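Working notes, structure below.
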Amino acid sequence: MKKENQLTFHKADFSQYWYLLKDDDISSKVSSFLLKYVSVEAFYKKLLVSYKERDGVKLKKSQKNNLSVEANDVKKTLTYFDISYDDALIDRIFGSQDNNYLDCSIKKLRNRLVHNVNDGVLRVILERYDNINTDLDDFLKLFAI
């Protein structure tokens, strides 16, 4: 396909997303979703660094910056800090299931939104918005936050 045609298709996609995000309610919910998830992940990564450095071996800055967030590591880290948790909650937030938009984890929704935004992922975030917030709030409650 010619680059001019490619540009036209990409502009059309962007226009569609921009139109959706002009809606204040949609924009607010998408922004809130991203901010809350990123905050939860950043908080967890601090715990993960402590867990990984438990034997006195310090991680390099590049290692700290490239930490991946996996459900099994979250469970190990929480166990290390003697924090009780619900397996299903951790899987809903940080799981790697990637079957479809409706059933994927919150982490996968965030990844899809950031790396491949489309109306499908926006629709699912809006449909699951209340449940997403409940799950993220429940995760934070594990730390009495």
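Only the coordinates and a few stated rules stand behind these numbers; no lab work does. In this text, all values refer to a predicted model and were calculated from it rather than measured experimentally. Note that we place each Cβ from the backbone using ideal geometry, even for glycine, and neighbour counts take in every protein chain shown.
General observations
- Taken as a whole, the condition of being among the hydrophobic types (A, V, I, L, M, F, W, C) and under 21 Å from the mean Cα position of the chain (by Cα) applies to Val69.
- The residues on offer are Ser62, Ser50, Ser68, and the sole one that is part of a loop (DSSP other than H, G, I, E, B), hydroxyl-bearing (Ser, Thr, Tyr) and more than 15 Å from Leu140 (Cα to Cα) is Ser68.
- With respect to (1) free of Cβ contacts under 8 Å to residues at least 60 places away in the same chain; (2) surrounded by 12 or more Cβ atoms within 10 Å (Cβ to Cβ); (3) in a helix (DSSP H, G or I); (4) not hydroxyl-bearing (Ser, Thr, Tyr), the lone exception for Ala42 is condition (2).
- Residue that is farthest from Arg123 (Cα to Cα) [pool: residues in the range 71-103 that are aliphatic (A, V, I, L, M) and in a helix (DSSP H, G or I)]: Leu78
- Selection status of Leu136, hydrophobic (A, V, I, L, M, F, W, C) and touching a residue at least 40 places away in the same chain (Cβ under 8 Å): yes
- Within the range 1-29, tally of residues that are surrounded by 14 or more Cβ atoms within 10 Å (Cβ to Cβ) and in contact with a Phe, Trp or Tyr (Cβ under 9 Å, 6 or more places away or on another chain): 1
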